[in-house]
Amino acid sequence: MERTGKRWLPRLLFIVALSATPWLLVVYTHLLVFHGAPTSAPHASLVAVASSDGEQQDAQRFLLQQEQQLNELKSSASAAGSLPAAREEEERRRTHGDDAAAVVDPCHGRYVYIHDLPPRFNADILAQCHVWYPWHNMCSYLTNAGLGLPVNNSDGVFADQGWYATDHFGLDVIFHRRVQQYGCLTNDSSRAAAFFVPFYAGFDVVQHLWGHNASTKDALSLDLARWLTRRPEWRGMGGRDHFVISGRTAYDHQRDSDSDSEWGNKFLRVPAVQNMTVLVVEKTPWLDFPSPIPYPTYFHPAKDAEIFDWQRRMRAMKRDWLFTFAGGERPDDPTSIRNHLVRQCNATSSCKLIRCRKSSRQCLNPSTFMGVFQKTRFCLQPAGDTYTRRSAFDAIMAGCVPVFFHPLSAHAQYKWHLPEAHDTYSVLIPEDDVRAGNVRIEEALRRIPTDVAERMTQTVIDLIPRLVYADPRSKLETVKDAVDVTMEAIIAKVNKLRKEMRGGQGHLQTGNGRVQQS
C-alpha cells in the first residue's frame, strides 16, 4: 500500500501543476499588463511550481514554454510602456464600436503618418530650382512656403493680404507644407489610417525634361519604389493606404517608350506607384487611377476672415460683360476652337477679349485678367495644352461662371471638389458644335434666365473655400480648403478599402486595373 502511494504521488503533483498553470498565467498577465512588472528584482520563475522529480520533465518543459511566452509579453509591454495604441483602439472597436472609439479619440480612423524620406526625394530637388528650366530661374516661386512672391496690387484688383504669384505647377511644396499642419498626424505608424509620401514628383520630372536620357528621367521614381516597398508600413496594405502628389499633369508621368526624346517620365507606370493614391492637377482620358485636385490659384488665405471678406466682395461685384475670353489663338492646331472664340468675342460688345500673345507680357500679370473676370458673368475656358486650364480656377476665384467645351476640362476630373450637379456652377458647350459653326456662344448664354445665372454666380462664389490652398504658414479655423477636402476623401477611400480587406474579400484591384491577391 505504501509503495503504491509513493508511485502515485508524483503523478498527483503533475496533475496539480497542470491545473494551477492557467490560473497562474492569468494572475501573472494581469499584474504585468495592468500594474507593471517589478523593476527592483527579477520575477520568480514559474518552473518552481513543478517538482524537480525526474518523472516531471514533461511538466517542466510545458512550464518553461509558458514562462518564455510571458517573458516576451513582459518585454513588449516594458518597451511600449503600455499596450500599443492601435491594439487599444482595436479592442475599443470590438467592445463599443467605431462611434464610441471616435468619441474617445476625435482622430480615430483619421491619423496620417508622413514618411521621413531621404532628402534626395524632396529637399535636394528644391536645391536645383535655378536649373529646372533652361531659360528661367524658378527659385523665387518657392519662397513663402511655395506660394511665391506677393502679387503687385497697385491697381486694387486683389485684397491686401493672401495673394501671391504662384506657379500653376508648384503644388508639390504647398501640399506638403499643408499636410504638415493636418490636425491628426501621428509618429506611430500603427495608428495611421493613411501614409503620405512627400516625394516632389512634379519637380523631379521638370528637372529632367530637357537634355536628359530616359533612364535619368525615371531614376528617382524607381528609387522611390524600392525605398517604399522595403518599409514595414508598406507591407500592411501593399501601398494602397499611401498617397503621393505631383503638381504636374498625368501627361508628364506616363511615357510609353524608352526613347530619350519622348516627353516625361514613367512615374505613373511604376507598379508600386499604381498601388498608391496619386494626386495630380489633371488626369488623362485613358488613365483613370490618378486623382485630380485643383490647380493652385493666386489666392492663399491665412485666416477664415480673408475668405469671407473676399466672398462678400465678389458677391457685390457688378458684372458688366456677359462673357470673357482670356487667351491666345492656336493657328497651328487644327483641333483648337480658340480662333472661333476670338472671332465670336470680337463680334459683340457683350464680350471682353484679353488677347495673350507670346510677344506680350500682359497675361503674365494676374491683375490683367483677374480684374476682368471679376466684372464678367461667364468666362470661356477652352482646352489649352491639356483639357483643363488653371484659368478655370482663377475665374471661380473671381466669381465668374466657367464655360467648358469638353467634359474632361472639369466635370470628369475634380469629383472630390466640384458638385456633381455640373449645371449649378458651369456651362458646357460641346466643342464640336463650336468647331462646326452650329452654335453662337452669346445666344447660348443669353438663353440662361437671369435668375438662374445669378444663382450660378452665387454657387461659384460658395465654392471658393474648397478650391483654395490656404497659406501653409498659418491655419484656418473653421473653413476647409482644397487640402482638407482631399485628405478627407483619401482617408474615406482607404478606410473603405481596409474594411473590404477585413471582410475577407480575396482580391484588390490596383490602380491600373490589374487584380492582385490581398
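The values are calculated or read from the model by the stated rules, or taken from the named source; none is laboratory data. Everything numeric here is computed off the predicted structure, so don't read it as measured data. Heads up, the Cβs are rebuilt from the backbone with ideal geometry, glycines too, and the neighbour counts pull from every protein chain shown. These area figures cover heavy atoms from the full protein model, side chains too; ligands, DNA and RNA do not enter into them. Shrake-Rupley method; radii C 1.70, N 1.55, O 1.52, S 1.80 Å.
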Quick check on region 397-406. Is at least one of its residues among the aliphatic types (A, V, I, L, M), modelled with pLDDT of 95 or more and either farther than 21 Å from residue 167 by Cα or open to solvent by 20 Å² or more (accessible area, probe 1.4 Å) (or both)?
yes
For region 148-192, the count of residues that are assigned to a loop (DSSP other than H, G, I, E, B), closer than 29 Å to residue 206 by Cβ and among the acidic types (Asp, Glu) equals 1
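One line per residue, one yes/no per condition, for (1) closer than 23 Å to residue 198 by Cα; (2) among the charged types (D, E, K, R); (3) assigned to a helix (DSSP H, G or I); (4) in contact (Cβ under 8 Å) with a residue 40 or more places away in the chain:
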site: 262; (1), (2), (3), (4): no, yes, no, yes
site: 273; (1), (2), (3), (4): yes, no, yes, yes
site: 278; (1), (2), (3), (4): yes, no, no, yes
site: 286; (1), (2), (3), (4): no, no, no, no
site: 336; (1), (2), (3), (4): no, no, no, yes
site: 343; (1), (2), (3), (4): no, yes, yes, no
For region 144-168, give me each residue that is open to solvent by 30 Å² or more (accessible area, probe 1.4 Å) and charged (D, E, K, R).
155, 160
What pairs come out if I take residues in region 166-178 that are closer than 15 Å to residue 248 by Cβ and pair them with residues that are open to solvent by 20 Å² or more (accessible area, probe 1.4 Å) whose C-beta lies under 6 Å away, six or more apart or interchain?
166/298; 167/141; 168/390; 170/141
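Just one of 211, 247 is touching a residue at least 24 places away in the same chain (Cβ under 8 Å), in contact with a Pro (Cβ under 9 Å, 6 or more places away or on another chain), open to solvent by 30 Å² or more (accessible area, probe 1.4 Å) and under 22 Å from residue 129 (Cβ atoms); which is it?
When all the criteria are applied, what remains is 211.
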Working only within region 227-237, note down all residues that are open to solvent by less than 20 Å² (accessible area, probe 1.4 Å) and either closer than 17 Å to residue 500 by Cα or β-branched (Val, Ile, Thr) (or both).
237
Flag if residue 235 is out of contact with any helix residue (DSSP H, G or I) (no Cβ under 8 Å at 6 or more places or on another chain) and not assigned by the TED database to the domain that holds residue 458:
yes
Taking region 310-334 and the residues there that are small (Gly, Ala, Ser) and part of a strand (DSSP E or B), the one that is nearest to residue 455 (Cα to Cα) would be 326
Pairs returned, first residue in region 426-449 that is in contact (Cβ under 8 Å) with a residue 40 or more places away in the chain, second residue that is assigned to a loop (DSSP other than H, G, I, E, B) and open to solvent by 40 Å² or more (accessible area, probe 1.4 Å), beta-carbon separation under 7 angstrom, 6 or more apart or interchain, are 431/406
Please enumerate the residues belonging to region 251-260 that are open to solvent by 50 Å² or more (accessible area, probe 1.4 Å) and assigned to a loop (DSSP other than H, G, I, E, B).
256, 258, 260
Can you find even one residue in region 149-160 that is modelled with pLDDT of 95 or more and within 20 Å of residue 485 (Cα to Cα)?
no
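Just to be sure, is residue 492 surrounded by fewer than 17 Cβ atoms within 10 Å (Cβ to Cβ) and not assigned by the TED database to the domain that holds residue 423?
On the way: surrounded by fewer than 17 Cβ atoms within 10 Å (Cβ to Cβ): yes; not assigned by the TED database to the domain that holds residue 423: yes.
Yes.
Here's the yes/no breakdown for (1) aliphatic (A, V, I, L, M); (2) open to solvent by 20 Å² or more (accessible area, probe 1.4 Å); (3) touching a helix residue (DSSP H, G or I) at 6+ places or on another chain (Cβ under 9 Å); (4) closer than 26 Å to residue 470 by Cα:
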residue	(1), (2), (3), (4)
309	no, yes, no, yes
315	no, yes, yes, yes
319	no, yes, yes, no
345	no, no, yes, no
389	no, yes, yes, yes
409	no, no, yes, yes
413	no, no, yes, yes
